[in-house]
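All of the numbers you see were taken from the coordinates with simple rules; none came from a lab. The structure displayed is predicted, hence computed values, not measured ones. Don't worry about glycine lacking a Cβ; one is built from the backbone with ideal geometry, like all the others, and counts go over all protein chains shown.
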Amino acid sequence: ALVEMWTVYYRQGLAIISDYKERIFSWYRFVMGPDTENNGDSVASKLFGTLNGFMRKFLFRILSVGPVPNHLAFILDGNRRYAKKWKLQEGTGHKCGFWALMSILKYCNELGVKYVTIYAFSIDNFKRRPNEVQYVMDLMHEKIEGLLKEESIMNQYGVRVYFIGNLKLLPERVRVVAEKAMKATENNKNTVLLICVAYTSTDEIVHAAQESCQHEWDEIQAMKASESNDGGEIISNENQEEHRFINLVDLEKYFYMGVAPDVDILFRTSGETRLSNFLLWQTSTCLLYSPRALFPELGLRHLVWSVLNFQRVYPYLERRRKQV
Ligand SMILES: CC(C)=CCC/C(C)=C/CC/C(C)=C/COP(=O)(O)OP(=O)(O)O
């Protein structure tokens, strides 16, 4: 707990310094070293990282005795409140949120969690103040570009990235860089990071229903065409009937989230318990965990506690999944 508290304060310290760095740039570099933007590569931080990593591995070994969740999803709530709480510039909360996300991703990778999904930006978020939308889009653009670098956490930990949602709604430059990131990480095999942007669950369901109907329609048209070309067998009424119904398996095939299994634990930070139109279809048998911490404060202790809770209710969740 002490080491974890230190991690959080260390991150907060970096955030505050980063926030004021334009004003105090010269002694900031002197104190923190030139690489602080990458979360510190100094001897002290390497030593700290080794000690921390050793304790984590020990903890994860113990946790792995029980069932380890396969898919964690996060609603990243409380970034603006975090900035307010620490009297940081508007937007710095989101930056700290990104750092917290990178730590969580690293922990998930070490623990053996295969899928991590985050709600980075909903379709409704486009209604926020233009400068706020602009800030988050700029941050995403900058961070996704960073993820493309050879030494980024994505390549270091073998993380494959998917961007999930109606990507047409994103500004062109963000969409282009997102597509590049998906392509660049397609051979990474360890963890899958699904970043939901321009996403809402209802939009996903409508999109899947439309795609599925379109597919059925195309098939009927193709059958009709081949029938009239070959003078072949006339399509029976039952055959047409069969094509008029969408079934679950077909629908799920067209989900943006079709690449991942159902969620095991859904996190919503800052003590909120609403789903806000996130993964409504994929969370029917998951554990909802809602710590009071704001997203940038989310750390190892929250992850460990949620996994312990998951292991406690695991037999019940499994029974629900098998419908017995
Ligand atoms: C590349 C990549 C994955 C970047 C992700 C960056 C990131 C942390 C985005 C969060 C965006 C967002 C709208 C969070 C909600 O917090 P809020 O603004 O609603 O905060 P509040 O609940 O305090 O109002």
- Message: Taking loop as defined by DSSP and a crowding limit of 16 other beta carbons within 10 Å, which GluC sites (Glu not before Pro) in segment 118-163 fit?
- Response: Glu150, Glu151
- Message: For Thr191, what residues show an amide H to amide H distance below 5 Å, using hydrogens built from the backbone and excluding near sequence neighbours?
- Response: Val159, Arg160
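Between Leu280 and Met55, what FRET efficiency comes out of the Förster formula 1/(1 + (r/R0)^6) with R0 = 35 Å and r the beta carbon distance, rounded to 0.05? Numbers along the way, then the final one.
Values: r = 37 Å, r/R0 = 1.06.
With R0 = 35 Å, the Cβ-Cβ based efficiency is 0.40.
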- Only Lys, Arg, Asp and Glu count, each charged at its Cβ (+1, +1, -1, -1), so figure out the dipole size of segment 248-311 about its Cα centre, rounded to 20 debye. 240 debye
- Neighbour-count ranking [beta-carbon atoms within 10 angstrom, fewest first] of Ile220, Ile153, Ile118: Ile220, Ile153, Ile118
- In nm, to one decimal, how far is the Glu227 label point from the Ile205 one, both placed 7 Å along Cα→Cβ? 3.3 nm
- Query: Taking the Cβ-Cβ separation of Glu132 and Trp86 as r and a Förster radius of 25 Å, what is the calculated FRET efficiency to the nearest 0.05?
  - Reply: 0.90
- Starting with the fewest neighbours, write out Met55, Met223 ranked by other beta-carbon atoms found within 10 Å of each beta-carbon. Met55, Met223
- Sorting Leu303, Leu101, Leu167, Leu2 on the 10 Å Cβ count, fewest up front, what's the list? Leu2, Leu167, Leu101, Leu303
- Note on the structure: Taking placed amide H atoms and a strict 5 Å upper bound, the residues 5 or more places from Thr117 or on another chain that come that close are Leu72, Ala73, Phe74, Leu194
- Gain in length, Asn155 to Asn70, computed as 0.36 nm per residue apart minus the alpha-carbon separation, to one decimal in nm? 28.5 nm
- Query: Hey, what D do you get for segment 73-185 in µm²/s if you plug the Kirkwood alpha-carbon radius into Stokes-Einstein at 20 °C and 1.002 mPa s?
  - Reply: 143 µm²/s
